[in-house]
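Please read the structure below before turning to the comments.
Readers should treat all values here as calculations from the given coordinates under stated rules, not as data from a laboratory. Predicted model only: the values in this text are computed from it and were never measured. Here the Cβ is made from the backbone with ideal geometry for all residues, glycine too, and neighbour counts use every protein chain on show.
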Amino acid sequence: MIALFWLFLTLSVSPFKSKSRLEAENAALRHQLIVLRRRVHGRVLLTNGDRLFLVQLYRWFPSVLKAITIIRPETLVRWHRSGFRRYWRWKSRFLGGRPQIAADRGLSVHVAKYMVKRCGPPSQGWRIFLRNHAPDIAAMDLFVVPTIGFDLLYGLVIVRLARRDLVWINVTSHPTAEWIARQIMEAFPWNEAPRYMIRDRDQVYGAAAMRRLRAMGIRDKPIAPGSPWQNGFAERLIGSIRRECVDHIVVLGEAHLRRILKSYARYYNEMRTHRSLDKDAPISRPVQRVGSIISRALLGGLHHHYVRV
């Protein structure tokens, strides 16, 4: 009965579809039949040509995903990520020039053996510094997300360390110092700006961004070269964004990614719990003790929020 309903629904909307879209869905259905005829002992065997055909068809016509039944959406996302890695591996291949020289580890070990060992109490580390100044510290960092066409989009996150709250997130295809300066200005009202801003040493943080920090009374604190752990709060946040959001979607463009990240920011700040906050969210919420529990889907069903009503 359900199958007949879907058949009737498909036939009723088919006159409103474009000819190219119908041909793409028919091509996807025909190719799936070809693949199913090749299966051995009930197992579907997919070649690299099959994967390339389906991924390319999905890039041109994202609506064919509804007509593909022999694979799951996660499989198509995994193929796209794999194709992106291979594409950039090929684009970054060695084309000649000066050969690389391996580091002489033996020499460094030999020199370290004769270095004078420090005595006395250790100096203040980053952990102590952050604990004592967390309410007045924010951190920012950039991360890269590939699109369906293998282009690169850049996301900027700004997080306060005291409550781990994500105060700003935005996307651009061409990050510049002027663009980052505007994001800093929009992230903090003049009376709520932090005293310190931790960042890495990326060259994109140019003179315009540094002037904006000084004008807002924020002291710039770049981390040591090759020490991403010194910006651990922003790095951990970016890891959560990847694991819980962008690793499960194929980004169609800048507007699509911005909408997805804004939705994730609301989930992260208002609903996602943190063990370091005694299982509270960055924007604190009251404990619900009475009422029946219901589930609300977030980010299209990637996450769920359980509340009492």
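Brief remarks on what is shown
- With θ taken as phi - 60° and the Karplus curve 6.51 cos²θ - 1.76 cosθ + 1.60 applied, the whole-hertz 3J(HN,Hα) list for region 216-231 is 8, x, 9, 8, 6, 10, x, 7, 5, x, x, 10, x, 5, 6, 10 Hz, x standing for glycine and proline.
- In region 148-247, GluC sites (Glu not before Pro) in a DSSP loop with at most 16 other beta-carbon atoms within 10 Å: 192
- For residue 168, residues with placed amide H under 5 Å, excluding near neighbours: 158
- By average C-beta atoms within 10 angstrom, highest first, the peptides 160-173, 73-86: 160-173, 73-86
- Report note on the peptides 59-66, 275-282, 245-252: ranked by the mean count of other C-beta atoms within 10 Å, highest first, their order is 245-252, 59-66, 275-282.
- Neighbour counts of C-beta atoms inside 10 Å place 272, 89 in the sequence 89, 272, starting with the fewest.
- Principal axis dimensions, largest first and in whole angstrom, of region 208-309 by Cα: 52, 35, 27
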